[in-house]
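The values are calculated or read from the model by the stated rules, or taken from the named source; none is laboratory data. The structure presented is a predicted model; accordingly, all values stated were derived computationally and were not measured. Heads up, the Cβs are rebuilt from the backbone with ideal geometry, glycines too, and the neighbour counts pull from every protein chain shown. The protein model used for the area step is the full one, side chains on, heavy atoms only, and it has no ligands, DNA or RNA in it. Shrake-Rupley method; radii C 1.70, N 1.55, O 1.52, S 1.80 Å.
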Amino acid sequence: MNLLLRITLVFIALGHLTLIGQEDAVVLSSDTEVFFRKKQLVHRHSYHIRINTENGSSVAKVSIPYQKGDKVEILDARLIDPEGKTLKKLRDKEIQDRSNLSSISFYDEGMSRNFELYYHAYPYELVYTYEHTFDKHISLVDWTPILSSNLHIETASLEVKLPLDMNIRIMADPSLSYQVDSSQSEKSLTWTTKHPDLPTSEVLSAPPRNRIPFVKIAPLEFEYGLTGKLDTWKSFGEWLNALNQYRGELTAQEKTTVDKLIRDASTESEIIEILYSYMQDNTRYISVALGIGGMQPHPAIHVCKNKYGDCKDLTNYMQALLSYAGIQSYYVVVNAGDPISKIDRQFPSQQFNHVILCVPLKGDTIWLENTSDTNPPGYLGTFTQNRIGLLVDEHQSRLINIPALDSSGVLSESRYTIKSNSEANGFHFEMHGRYRGDKYEYIKHALEEGDQQVFKSVLRYIIPFPIDDITNVSAKEHPTPKIDVTSIGTLDRYIRHVGNQYFAPVPPLDIPELETIESRTSPVQIDYPLNIIDTIVIQGKLSPDFDLPEKTQISGTYGSYSDEFVLTHESIQMIRKYQIKAGNYPLNEYEKFYEFIGRLKKHTENLFISFSL
């Protein structure tokens, strides 16, 4: 189980904590023991939590995730007062098991064991211990003392007892205290910490899980359906390849269909486009629990017959279609999502949650996201771009860099024409936009919903000034990953007037508010660039005593900005271009980054146009 999933599971195990404050509840102790019992891996978790307020009682709603085939046994769960007197004990009939599938389902046959223990007087303390016995495992330990970003921990410990002859690899945060003891039969590894710093969620930063102390322990050899090794990424890829062997056969009917589809195709690119479109039109993505702990795809025949699958199934099926057509492709596992999570290159292990397909051609490589029924071939999007993946090959599995979206791939171009609406005594706008990158994805998702209100909500998010109403919208998709949108609406709140003079402030930049230099604690991480060209046309006459702002250009290490105002006989135009580069910038550069963004914002905050009709 990867660190991403393991940390998520720990957070879930302590209930819904996102709204509690640090004074509402505190973990007095959190202790984890790891050992083997009859060759099965066991994790024993013990928690002692003081609940100070009603808001903090959310931690008393406990959900313990596990996989089908595992065993979770609650050894003790009770409430005590601050003096240690028992107030209430958990009864067996109060424990419930539920299905707990995730939205990605790369490594998921999810279940959870749940209970709730509350008391009416505060403070009270929740004490519970449970054992999680794993049916099978790849890693031994993926541990962090942090249980939630807003739940303070006084002490935390991890003790791992292993046979002396077990070969392992360890990666641990140096901030943790570490001790090793040995006996004649086993070795004991212990990590402890007191009052660990809680991660903060900051704008344009790596996920908090990348910035917390951790311990990872992996065996050099493991048994998980098939024997595998974790000494190198190559060997882990060979194990994944073995899991997928003999799962690429198509039904006779499917082969006939493929033959008909591609009989007139003249190039490999054309074949790929035809078969990818066929897969998208005839299958659907569904999160299901499959195979060996969710790591193994169903055979392609299963998808041929049932027309659905998760990311592994659909990728394996698409690979089978291409293979039958004589085109080689490669199964690539990635850690998908935004912001990008770090992959530890020096620690071969299961760190992934998604699968895509790589199709190398002469002079080009086509990437296929097989869970999307609308993406054009070659477009991965913000979900999987610009990160490390493990390409699975029978003998040459290796880490690869998945291509990043560049500035042209995220370019958003919009033209807004603002006109007086004499009938309504106000203003309306017409917008013509061409969107790529994340905005393209937002709009496509809204169109897939088939709900005009959802579509309008997305446009309200994208359009940079306040809108009163959107009365008409339309969209046109292109074969390449871009989409054209036209909309009409009213924006009386945007235009202010005094007498016969009207004032239109320049819309704010599409850049989030940053933390101050003094409060920032983490480096800057920008996963993909920002590239926007806005043209704003106001149909009116420039106020007599108002001078158009001069042309401005600002450039630096982190991006660029320019604006230009043009006066015509019937209108005033502003053309604005700005880019923010993708990149990772250390904390000691944050002041420069903050000052650059501040300079852009300050400039636009002071800009407005004064006009008359």
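Within the stretch 60-83, which residues have the backbone N less than 18 Å from the label spot 7 Å out from Asp92 along Cα→beta-carbon, could you tell me? Backbone N within reach: 71-78. Volume of the convex hull of the chain (Cα atoms only), normalised per residue: 205 Å³.
Which of the listed residues, Thr552, Leu140, Val27, is farthest toward the dipole's positive end in the chain, when Lys, Arg count +1 and Asp, Glu count -1 at the beta-carbon? It is Leu140.
Averaged per residue, the chain has 46 square angstrom of accessible surface, using a 1.4 angstrom probe with ligands and nucleic acids left out. Placing +1 on the Cβ of every Lys and Arg and -1 on the Cβ of every Asp and Glu, with no other charges, gives the stretch 476-586 a dipole of roughly 160 debye about its Cα centre. Across the options Pro507, Asn588, Val566, the greatest Cα extent toward the positive end of the charge dipole of the stretch 489-593 (unit charges at beta carbon of Lys, Arg, Asp, Glu) belongs to Val566.
Note on Lys61 and Asp31: with the Förster distance fixed at 22 Å, the Cβ-Cβ geometry gives a FRET efficiency of about 0.55. The Cα center of the stretch 393-469 and the Cα center of the stretch 225-288 differ in position by 32 Å. Averaging the Cα positions of each part gives two centres, and for the stretch 295-320 and the stretch 512-535 these lie 39 Å apart.
Charge dipole of the stretch 204-346 (Cα centre as origin; +1 on each Lys and Arg Cβ, -1 on each Asp and Glu Cβ, all else neutral): 440 debye, rounded to the nearest 20. The percentage of C-alpha pairs in the stretch 431-492 whose separation is greater than 19 Å is 22%.
In the stretch 502-603, Rg over Rh equals 1.06, where Rg is the alpha-carbon radius of gyration and Rh the Kirkwood radius from pairwise Cα distances. For the stretch 53-189, the orientation-averaged shadow of the C-alpha convex hull comes to 11.5 nm² (one quarter of the hull surface). Seen from all directions on average, the stretch 496-544 presents a Cα convex hull projection of 6.4 nm².
Helical content alone sets the calculated 222 nm signal of the chain at -5500 deg cm²/dmol, taking -39,500 (n - 2.57) per DSSP H segment of four or more residues and averaging over every residue.
A simple spin-label model places pseudo-atoms 7 Å from Cα toward Cβ; at His569 and Ser235 they are separated by 8.0 nm. Ordering Gln296, Ala218, Leu204 by the projection of their Cα atoms onto the charge dipole of the stretch 185-312, which places +1 on the Cβ of Lys and Arg and -1 on the Cβ of Asp and Glu, puts Ala218 at the extreme positive end. With the highest mean first, a sort of the peptides 40-51, 489-500 on other beta-carbon atoms found within 10 angstrom per residue produces 40-51, 489-500.
Between the stretch 496-511 and the stretch 538-613, the C-alpha centres lie 14 angstrom from each other. For Lys93, the aspartates and glutamates whose Cα comes closer than 16 Å to its Cα, not counting residues fewer than 8 places off in the same chain, are Glu73, Asp76, Glu116. Along each principal axis, taking the top coordinate minus the bottom one, the Cα set of the stretch 296-401 gives 39, 29, 26 Å in descending order.
For the chain, a simple Cβ point-charge model (Lys and Arg +1, Asp and Glu -1, everything else neutral) yields a dipole of about 720 debye relative to the Cα centre.
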